[in-house]
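These notes are about the structure you will find just below.
The values are calculated or read from the model by the stated rules, or taken from the named source; none is laboratory data. All of these numbers come straight from a predicted model, not from anything done at the bench. Virtual Cβ from ideal backbone geometry, glycine too; neighbours counted across all protein chains shown. Note: areas computed on protein heavy atoms with side chains; ligands, DNA, RNA excluded. Shrake-Rupley method; radii C 1.70, N 1.55, O 1.52, S 1.80 Å.
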Amino acid sequence: MNQQEQNGKPGIYTYETTVRYSECSASRQAGLSHILDYLQDTCTFQAEALGIGLSYMQKHQAGWVLNSWQADLVRYPCFGEKIFITTWPYDFYGFMGFRNFFVTDAAGEPLIRTNSVWVFMDMRKNRPIKIDAEIANAYQVHERLEMEYLDRKLQDFEADRQEPPFQIPRYFIDTNHHVNNAKYILLAEELLAENFRASRVRVEYKKPAMYGDLLYPYIRNYADHQAVKFSDPEGKPYVLMEFYPENK
């Protein structure tokens, strides 16, 4: 079920899906990277339904680039479970768009609350541009989701340890010719402590990585969370991430 109206509110879009086996970890629950896939897919489907999707962006050589996001996880979706991912923008400002996601189970119980910040880009010049009226008018903003909103900017850090660098493969690249946002999460999960389960994830994307780039992983353990970043050979971060464990 894809719908542009939820509870009588035009502009709120819901995507219904079932958690697939291929999206699950050994725990038979959806992994963090797949959860981000759900969110990315849903807002992309909304743009397509509004006529401002991938083809529109390609024609205008523009695109939305994810700047940061915060996900608060009440419960991880399980294999075979029907879930509903609902999304809506709550503000546009200059070249920035602000969007919520709310994931629920079949009974309407909350699974995940997410805040995200996006930048509208001129993909030819690789620079932010003001959101034009046609884009802004296609959406209808609504009040933001009730959740704790933390700063979109994350603190850089001195690492406790560094792992060997690795080269970006071709299958990590998305339609913007960058590493897909979810792939960073997939890589970061391998660097976290064994059996680590996050109840909150915060991510800030600093600059895009391309096919063939070398990523240098850095990790730091704090009292209340683990931080991961991937940097270029000069030490400039591509992405900063924070993972807060359950029961903390």
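Taken over region 44-69, the criterion of being open to solvent by 10 Å² or more (accessible area, probe 1.4 Å) and of a type in the set (S, T, N, Q) is satisfied by 44, 55, 58, 61, 67. In region 116-125, the residue that is farthest from residue 239 (Cα to Cα) out of those that are open to solvent by 40 Å² or more (accessible area, probe 1.4 Å) and touching a residue at least 40 places away in the same chain (Cβ under 8 Å) is 124.
Taking region 206-226 as the range and being of a type in the set (Ser, Thr, Tyr) and touching a residue at least 12 places away in the same chain (Cβ under 8 Å) as the test, the residues that pass are 211, 216, 218. Residues in region 145-155 that are under 22 Å from residue 65 (Cβ atoms) and surrounded by 14 or more Cβ atoms within 10 Å (Cβ to Cβ): 145, 150, 152, 154.
Residues are listed down the side, and each one gets a yes or a no for (1) among the hydroxyl-bearing types (Ser, Thr, Tyr); (2) under 24 Å from residue 218 (Cα atoms); (3) open to solvent by 30 Å² or more (accessible area, probe 1.4 Å):
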| position | (1), (2), (3) |
| --- | --- |
| 81 | no, no, yes |
| 98 | no, no, yes |
| 105 | no, no, no |
| 109 | no, no, yes |
| 114 | yes, no, no |
| 127 | no, no, yes |
| 131 | no, no, no |
| 143 | no, no, yes |
| 168 | no, yes, no |
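Among the residues of region 211-248, the ones that are under 22 Å from residue 148 (Cβ atoms), of a type outside the set (A, V, I, L, M) and either within 18 Å of the chain's Cα centre (by Cα) or open to solvent by less than 70 Å² (accessible area, probe 1.4 Å) (or both) come to 7 in all. I need the full set of residues from region 175-210 which are within 18 Å of residue 153 (Cα to Cα) and either among the small types (Gly, Ala, Ser) or open to solvent by 30 Å² or more (accessible area, probe 1.4 Å) (or both), in order please. The answer is 200, 206, 207, 208. For region 103-124, a tally of residues being within 22 Å of residue 149 (Cα to Cα) and either in contact with a strand residue (DSSP E or B) (Cβ under 7 Å, 6 or more places away or on another chain) or aliphatic (A, V, I, L, M) (or both) returns 13. How about region 26-43: which of its residues are open to solvent by 50 Å² or more (accessible area, probe 1.4 Å) and in contact with a Phe, Trp or Tyr (Cβ under 9 Å, 6 or more places away or on another chain)? 27, 28, 41, listed by residue number.
Applying the set (1) in contact with a strand residue (DSSP E or B) (Cβ under 9 Å, 6 or more places away or on another chain); (2) open to solvent by less than 80 Å² (accessible area, probe 1.4 Å); (3) of a type outside the set (Phe, Trp, Tyr) to residue 158 leaves exactly one unmet item: (2).
Residues being of a type in the set (A, V, I, L, M, F, W, C), over 23 Å from residue 192 (Cα atoms) and at pLDDT 95 or above: count how many of those fall in region 132-161.
So the count comes out to 2.
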